[in-house]
1. Sort out which residues of segment 148-171 are assigned to a helix (DSSP H, G or I) and aliphatic (A, V, I, L, M), and write them in order of number.
2. Which residue, of S149, S144, is of a type in the set (G, A, S), farther than 24 Å from K15 by Cβ and open to solvent by less than 60 Å² (accessible area, probe 1.4 Å)?
3. Filter segment 106-116 for residues that are of a type in the set (A, V, I, L, M, F, W, C) and surrounded by fewer than 16 Cβ atoms within 10 Å (Cβ to Cβ) and give the result.
4. Looking at (1) loosely packed, with under 11 Cβ neighbours inside 10 Å; (2) farther than 30 Å from R39 by Cα, can you tell me which one L96 breaks?
5. Would you confirm whether any residue within segment 146-159 is under 17 Å from N32 (Cα atoms), modelled with pLDDT under 90 and more than 14 Å from the chain's Cα centre (by Cα)?
6. Among the residues of segment 62-76, which ones are closer than 12 Å to G4 by Cβ and either at pLDDT 95 or above or in contact with a Lys or Arg (Cβ under 8 Å, 6 or more places away or on another chain) (or both)?
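The values are calculated or read from the model by the stated rules, or taken from the named source; none is laboratory data. As the structure is a computational prediction, the values presented were derived from the model and not from experiment. Here the Cβ is made from the backbone with ideal geometry for all residues, glycine too, and neighbour counts use every protein chain on show. These accessible areas exclude ligands, DNA and RNA; they are computed on the full protein's heavy atoms, side chains included. Shrake-Rupley method; radii C 1.70, N 1.55, O 1.52, S 1.80 Å.
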Amino acid sequence: MCIGVGRSGTTWIYKLLDSHKDISMALGKDTNYFNNFYRTHSIDWYHKQFSTQKNYKIFGEVSNNYYFNEGIAERIFKYNPKTKLIFCIREPLDLLLTIKSFADRRSLKFHSVEDFLQTPIVNIMGQAIPNSEESRDATTVFQSLFFDSYLINFLKFFPKENIYLFKYEDL
């Protein structure tokens, strides 16, 4: 499972893993099962998000939405305590600049730097989850830069050997 804020390399990781013959990636990024749809969809629904046409050895998904809420790490662990996690991270200043560039390309306007930093990240990235009750919907651009505070939630459940930090700058 690959987790990371938007603009940190998650799409690249998704495409790379999806091209591997032994890996069945979810049919699209962000199934949102562990942060939102677990309430309304069965585990069978989640399993149907993956191709089973071949004998895949590994199943995976990529999400920009799984690191904001403390309960997600526990839900993933209860589903499969052997899950391997890839966290996509990026230097905070570079991440901030690319988020701003993305906002500019979408013609989003801000009154000030403070206004930009306090904007919910979903308003810029366009990843709002309909009817979501998760705290990620209010996570600001500034808060999204501190991946370490979100990683701590996963370290409460998963051993370090199950977690790999992928640095965007190493691409």
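1. Our first condition is that a residue be assigned to a helix (DSSP H, G or I); within segment 148-171, this holds for 148-155, 160-162, 168-170.
Across segment 148-171, the qualifying residues are L151, I152, L155.
2. Numbers: S144 fails: farther than 24 Å from K15 by Cβ.
When all the criteria are applied, what remains is S149.
3. First, pick out the residues of segment 106-116 that are of a type in the set (A, V, I, L, M, F, W, C): 108, 110, 113, 116.
Those that are of a type in the set (A, V, I, L, M, F, W, C) and surrounded by fewer than 16 Cβ atoms within 10 Å (Cβ to Cβ): L108, V113.
4. That leaves (1) as the condition not met.
5. The answer is no; no qualifying residue exists.
6. The initial filter retains those residues of segment 62-76 that are closer than 12 Å to G4 by Cβ, namely 62-68.
Of everything in segment 62-76, those that are closer than 12 Å to G4 by Cβ and either at pLDDT 95 or above or in contact with a Lys or Arg (Cβ under 8 Å, 6 or more places away or on another chain) (or both) turn out to be V62, S63, N64, N65, F68.
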